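Step one of this worksheet: look at the structure below.
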Ligand SMILES: *Cc1c(COP(=O)(O)O)cnc(C)c1O
């Protein structure tokens, strides 16, 4: 049996210009003046929050002045702390729960000191936050999350007035925004989304009329493209920023560019005879003599076991199917149709071409999920790096001058 070995590193390559391009696509759907709050929760959907925040805050594509976006948002206090001090406001979307205030005291004090905008969904939590802010000698900007149909976090519209008043009464709090989240905005003509929007507007209008300069926001990627009436003062794109259509199908009307490419080197190539089994459980047998390529990435890295004998990788731009079970640290591919493949060659596990057989859309389909989960599953062992050389068709990008 002949085998050669090579040591290389798998990597997740992020294109800054794709991120900036996607912001431009999003802006083209918005009225002038509507702010963009980039969702960088869950490590920027697995893309690396530090890297994505840097691209969106400190770089500009041609034709754009200043940071590409107006705010950043995360789910948790820890994620907010990890962002450091970007030049735009940072929103923590997960409502503060008063039962956790004691445990989270340090994290909250840090968030208060760093000027984060915090979310509340109860008068009790607002009271606790007010006491902490007073102790820190700070005034905290807070927003209220309304539940208009997700039945998840947020206050019911009937309780909004009471919470708003409890915030307004506290000198250490400043009511800065009101928001809600849609349950199915990516569906065309979703009546449910329109009902959610109507409920939201009905509940917030009296408060917004009384208190000036409140930021109203609701739209995620689906609503940005499909429900223009939901744009209000600010939108909160996530998946579309990363170049994936919220319908989870590439769309010809929206030229989004996937920002992520995931590659790994071929670390070994082994010639096997027809009838040889590959991997755990002998789930695949070679029908002909062939060559099997080994990739040092497995389900521990988010390349799911569900891809076994299903997914396709690309080597020299040619499809190389995954054969045998994906194991924790390794994946094997059939190089039978790629005689030129040699050890050290780059294998594309997740392609940035939306129509590629290894696109995030395709991987999601093979695993019975959505591209969101494919991205979020990519493990910590995979280094995220910025794409160095821009490829044909990329927009020019420049670093903004340091203030
Ligand atoms: C994740 C999230 C978004 C972004 O949703 P996408 O569908 O990825 O655009 C917006 N708002 C909230 C509250 C979220 O949690």
Inset, instruction - Could you grab me the full set of residues in segment 205-220 that are under 20 Å from residue 91 (Cβ atoms) and away from the ligand (no atom under 16 Å from the Cβ)? - result: 207, 208, 211, 212, 213, 214
Legend entry - Filter result (closer than 17 Å to residue 36 by Cα, within 16 Å of the ligand (Cβ to nearest atom), touching a helix residue (DSSP H, G or I) at 6+ places or on another chain (Cβ under 8 Å) and not in a loop (DSSP other than H, G, I, E, B)) within segment 59-90: 72, 73, 74, 90
Inset, instruction - Using the structure shown, decide if residue 312 is touching a helix residue (DSSP H, G or I) at 6+ places or on another chain (Cβ under 6 Å) and at pLDDT 95 or above. - result: no
Inset, instruction - May I ask you to verify whether residue 216 is modelled with pLDDT of 95 or more, closer than 29 Å to residue 376 by Cα and touching a helix residue (DSSP H, G or I) at 6+ places or on another chain (Cβ under 8 Å)? - result: yes
Inset, instruction - With the condition kept exactly as written, say whether any residue in segment 128-139 is in contact with a helix residue (DSSP H, G or I) (Cβ under 7 Å, 6 or more places away or on another chain), closer than 27 Å to residue 231 by Cα and either modelled with pLDDT of 95 or more or not in a helix (DSSP H, G or I) (or both). - result: no
Legend entry - Single residue of 44, 49 found to be within 16 Å of the ligand (Cβ to nearest atom), within 17 Å of the chain's Cα centre (by Cα), surrounded by fewer than 23 Cβ atoms within 10 Å (Cβ to Cβ) and modelled with pLDDT of 95 or more: 49
Inset, instruction - Enumerate the strands (runs of 3 or more DSSP E) found wholly within segment 251-362, keeping only those where 1 or more residues are more than 29 Å from residue 45 (Cβ to Cβ). - result: 268-272, 290-295, 331-334
Legend entry - Number of the exception - residue 394 against (1) touching a helix residue (DSSP H, G or I) at 6+ places or on another chain (Cβ under 7 Å); (2) at pLDDT 95 or above; (3) within 30 Å of residue 88 (Cβ to Cβ): (2)
Legend entry - Checklist (1) surrounded by fewer than 19 Cβ atoms within 10 Å (Cβ to Cβ); (2) farther than 22 Å from residue 43 by Cα; (3) in contact (Cβ under 8 Å) with a residue 24 or more places away in the chain applied to residue 376, failing item: (2)
Inset, instruction - Kindly list the number of the only condition in (1) away from the ligand (no atom under 15 Å from the Cβ); (2) crowded, with 20+ Cβ neighbours inside 10 Å that fails for residue 246. - result: (1)
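The values are calculated or read from the model by the stated rules, or taken from the named source; none is laboratory data. If you're wondering where the values come from, they're calculated on a predicted model, not measured in any experiment. Cβ: placed from backbone, ideal geometry, glycine included. Neighbour counts: every protein chain shown.
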